[in-house]
Amino acid sequence: MEHHMPEPQHTAPADPNAIDQRVFPPTARRGRECEQLKIGGIRATELTAKHGSPLYVVDEDAARTRAREIREALQTEALRIGTEATVYYAGKAFLCVEVARWMAEEGLAIDVASGGELAVALAAGVDPARIGFHGNNKSEAEIARAVRAGVGTIIIDSEIETQRIAHAAAAAGTTQRVRLRVNSGVHASTHDFLATSHEDQKFGQPLRDAPRLVRGILAHESLEFVGLHCHIGSQIFATDGFRESARRLLGTYRELAEITGADIPELNLGGGFGIAYTSAQAEEAPAIAEIARELADIVADGAREHGIAIPKLAFEPGRAVIGQAGVTLYTVGTTKTVQLAESDVAGDPADLGYSERLYVSVDGGMSDNARPALYGADYQVRIANRVSDAAPALVRVVGKHCESGDIVVQRDVIPGDVRPGDTLAVAATGAYCWSLSSNYNYMPRPPVVAVRGGTSRVIVRGQTEDDLLAQSVMVADAIENGDTNE
Ligand SMILES: *Cc1c(COP(=O)(O)O)cnc(C)c1O
């Protein structure tokens, strides 16, 4: 089974100033009186004046609404087929105490994939019973901490972990609920790097090994096996990968039920629901209600086909919850025009027949958004501080790092008079941007501000140059000894 991400084909927007609300958050719009982009009722330039540039902005209402919509859609459809669903927010997409709190308030459980993410969820006051703990190499210390905290389920990724979790639970005098992560062999693949259910990869155990591994789990009184887990990939637009994967997993549920002596209570189908990063993708991205209906039918069909009871369901969306709530604001530093060779233009229809490309350099880059460099991802960009009726230009937004792959937006079309000092807004940066950020070239991580109803507040502090300098041992010692010239 193989899918392809809809090619990020571009068509020149009718109005290169227009804010496409299928890509930008719902509250993003141009103010009637000032023509500036506003998010959550605040002008982009007011946000950068107050909090600096670059700046991650999260529309709180958008994140909460989306979380609720996804949870309700999946739960409603689960009810329709006579079961129930738990929706976990995949924290790795973007986790901080505030976001964990939003998710818990909107009725989502939370998935974490490290001791650090677990600490954030616990600090947010998330009910430990509503936390799932993932990862292919959880340390003994991380497992012991999770077990002691009372984490709801731990997802076993290898036989070694079965032993570790069993020992930790026995030592804590508890029974730990566990799921087994399997590899269904289905890759609902989009981009090769994003797919996580090939056989030849690090996550999970081949499905055919499940019976043996479940026997191994049952051998420990300190473990309670609740079901299989499978995550087939990311940025998925169609449900046929889920169909095939669920069919295969449910196909083993009868055999597993014979081993455990009871119906297998749960099935976790992971996350991976895609979002629109560009207007072209917005044409193809299915509504969550549609996905939820198809997924429920898939499970009901699969259970019927294999003659088993419909298990309780669990899902783990990350990107679909938080991605489109985020916008990154940058300030333009320099621009330059390059001529595209005849062959470039002909060879790349996405370049829309433009004969030149305007490179627009901003004050961030791959340190605050690694996705273009990691996955060849693309984004939509708009000038945020003004509208312009200048002729549209084919632009590539690049960062300030020492890498030619330091690209923020591969290609888009915006007014050609974009110039130093302009504020640019890049849409749909809520997921996998802050969480994958780095300090490459000693760039401090920008803060994250939440906007809502005309107010903004910092929910993740930005780093300062001093924070970064303080990591160098020599400097730290010099400051400690007082022998600094400052
Ligand atoms: C990354 C991941 C998710 C979330 O994926 P999205 O594409 O953000 O929905 C869910 N479950 C597991 C196990 C993951 O690794």
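Annotations
- Label-to-label distance for residue 417 and residue 137 is 5.4 nm, based on points extended 7 Å past Cα in the beta-carbon direction.
- Altogether, the Stokes-Einstein calculation at 25 °C and 0.890 mPa s, with the Kirkwood radius of region 31-79 over Cα pairs as Rh, returns a diffusion coefficient of 188 µm²/s.
- Descending Cα extents along the principal axes, region 195-323, whole Å: 52, 32, 24
- Database remark: amide H of residue 183 closer than 5 angstrom to the amide H of 205, 207 (H placed geometrically; neighbours at sequence offset of 5 or more, or on other chains; Pro and chain starts carry no H).
- Segments 279-291, 402-414 sorted - mean Cβ within 10 Å per residue, highest first: 402-414, 279-291
- Accessible surface of region 85-176 [probe 1.4 Å, protein heavy atoms]: carbon and sulfur percent: 50 percent
- Base-10 log of normalised Debye intensity for region 82-139 (one unit scatterer per alpha-carbon) at q = 0.19, 0.25 Å⁻¹: -0.58, -0.94
- Charge tally for residue 259 (other residues, Cβ to Cβ under 11 Å; Lys, Arg +1; Asp, Glu -1): +1.
- Helix 240-260 and the long axis of the chain differ in direction by around 30°, with both axes built from C-alpha atoms.
- Under the criterion of Cα pairs below 8 Å and six or more residues apart, the relative contact order for region 61-322 equals 21 percent.
- Directionally averaged projected area (region 61-322, Cα convex hull): 12.8 nm².
- Percent of C-alpha pairs per 5 Å bin, region 336-470, short to long: 2, 9, 17, 20, 20, 15, 9, 4, 3, 1, 0
- C-alpha long axis of helix 288-306 to longest principal axis of the chain, angle in °: 20 degrees
- Each Lys or Arg adds one and each Asp or Glu subtracts one; over the other residues with Cβ under 11 Å from the Cβ of residue 422, this totals +2.
- Computed log₁₀ I(q)/I(0) - Debye formula, equal Cα scatterers, no solvent, region 266-342, q 0.11, 0.19 Å⁻¹: -0.51, -0.95
- Rel. contact order, % - alpha carbon contacts under 8 angstrom, at least six apart, the chain: 21 percent
- Normalised per residue, the volume of the convex hull around the Cα set of the chain (Å³): 164 Å³
- Size of electric dipole in region 304-420: Cβ of Lys, Arg +1 and of Asp, Glu -1, about Cα centre, debye, nearest 20: 440 debye
- Remark: the chain carries 41 Å² of accessible area per residue (probe radius 1.4 Å; ligands, DNA and RNA excluded).
- Rounded percent of accessible protein surface that carbon and sulfur make up, region 216-270, 1.4 Å probe: 43 percent
- Placing +1 on each Lys and Arg Cβ and -1 on each Asp and Glu Cβ, with no other charges, gives region 61-322 a dipole about its Cα centre of roughly 480 debye.
- Against the chain, whose longest principal axis comes from its Cα atoms, helix 159-172 is set at around 80 degrees.
- 5 angstrom amide H check on residue 223, placed H, neighbours 5+ away: 176
The values are calculated or read from the model by the stated rules, or taken from the named source; none is laboratory data. Source: prediction; values computed, not measured. In this analysis, Cβ positions are derived from the backbone assuming ideal geometry, glycine residues included, and neighbour counts consider all displayed protein chains. The accessibility values were calculated without ligands, DNA or RNA, using every heavy atom of the protein model including side chains. Shrake-Rupley method; radii C 1.70, N 1.55, O 1.52, S 1.80 Å.
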